[in-house]
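Enquirer: Dumping the structure here so I can ask a few things about it.
The values are calculated or read from the model by the stated rules, or taken from the named source; none is laboratory data. Worth saying up front: this structure is predicted, and the values here are computed from it rather than measured. A quick note on method: Cβ atoms are made from the backbone with ideal geometry, for glycine too, and the neighbour counts reach across all protein chains shown.
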Amino acid sequence: MEDERQIIERILAGSELAFRQIVDQHSQRIFNYVRRMTRNSAEAEDISQETFIRFWVSRDRFDPGRVKLTTWLHRIAHNLCVDYFRQRQLQERPAPVQPDRQDSPDTEYELSIRAGVVHKALMSLSERQRSAIVLCHYQNFSQRDAAHILDLSVDALESLLRRGRRKLKQKLAKELE
């Protein structure tokens with residue numbers, strides 16, 4: 001099996017087959033990031049597809065020696081999310097969360113309510129704070145990679161994370177009283 005570096009070289013040379021391999025490998029992670037940002041599966045699907053289209057169109061600007069592919073793809077997805085929020089001024093209600101565990105109905109209900117409260121608090125943050133938290137805590141990016149995706153210094157990212165966490169803590173304290 002080819003390693004990612006060889007696949008990227010083929011993409012840079014224009015191989016559509018190699019591009020499909022990258023889409024297959026990364027589409028779920030990009031979709032998960034965008035869905036967490038927008039909380040809208042249909043929009044997440046559209047933005048995820050647009051992410052890969054933009055990658056293909058601008059592949060000649062990608063430098064695998066400078067940045068990891070997953071970081072580059074998340075940066076494209078992040079910028080598309082920013083555009084999405086700017087265009088729509090999104091303020092949607094939280095979707096109910098389906099727990100993965102087999103808990104009692106009461107426990108599932110309570111987890112669903114708490115997840116909705118957390119989502120509402122997360123969506124009330126600024127787009128940059130929300131992006132920083134989603135990238136670091138949900139997508140498990142290092143602070144260095146998340147900072148690159150958001151086009152920030154690591155210090156600026158750390159500041160965003162601190163402010164975002166503080167705001168989340170305040171909002172959750174009010175909501176869960």
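Enquirer: How about the range 135-154: which of its residues are crowded, with 20+ Cβ neighbours inside 10 Å and on the phi > 0 side of the Ramachandran plot?
Expert: none
Enquirer: Given the conditions (1) assigned to a helix (DSSP H, G or I); (2) in contact (Cβ under 8 Å) with a residue 12 or more places away in the chain; (3) touching a Leu at 6+ places or on another chain (Cβ under 9 Å); (4) more than 26 Å from Glu127 (Cα to Cα), and given that Phe19 satisfies all but one, which numbered condition is not satisfied?
Expert: (3)
Enquirer: A further question on this structure: With respect to the numbered conditions (1) buried (at least 17 other Cβ atoms within 10 Å of the Cβ); (2) in contact with a helix residue (DSSP H, G or I) (Cβ under 6 Å, 6 or more places away or on another chain); (3) modelled with pLDDT of 90 or more; (4) within 18 Å of Val67 (Cα to Cα), which one is the sole condition not fulfilled by Gln129?
Expert: Among (1) buried (at least 17 other Cβ atoms within 10 Å of the Cβ); (2) in contact with a helix residue (DSSP H, G or I) (Cβ under 6 Å, 6 or more places away or on another chain); (3) modelled with pLDDT of 90 or more; (4) within 18 Å of Val67 (Cα to Cα), Gln129 violates only (4).
Enquirer: Looking only at the range 155-177, count how many residues are of a type in the set (A, V, I, L, M, F, W, C), surrounded by fewer than 18 Cβ atoms within 10 Å (Cβ to Cβ) and free of Cβ contacts under 8 Å to residues at least 60 places away in the same chain. Give the derivation first.
Expert: Of all residues in the range 155-177, those of a type in the set (A, V, I, L, M, F, W, C) come to 156-157, 160-161, 168, 172-173, 176.
Of the ones still in play, those that are also surrounded by fewer than 18 Cβ atoms within 10 Å (Cβ to Cβ) are 156, 172-173, 176.
Keeping just the survivors that are free of Cβ contacts under 8 Å to residues at least 60 places away in the same chain gives 156, 172-173.
Matching residues across the range 155-177 total 3.
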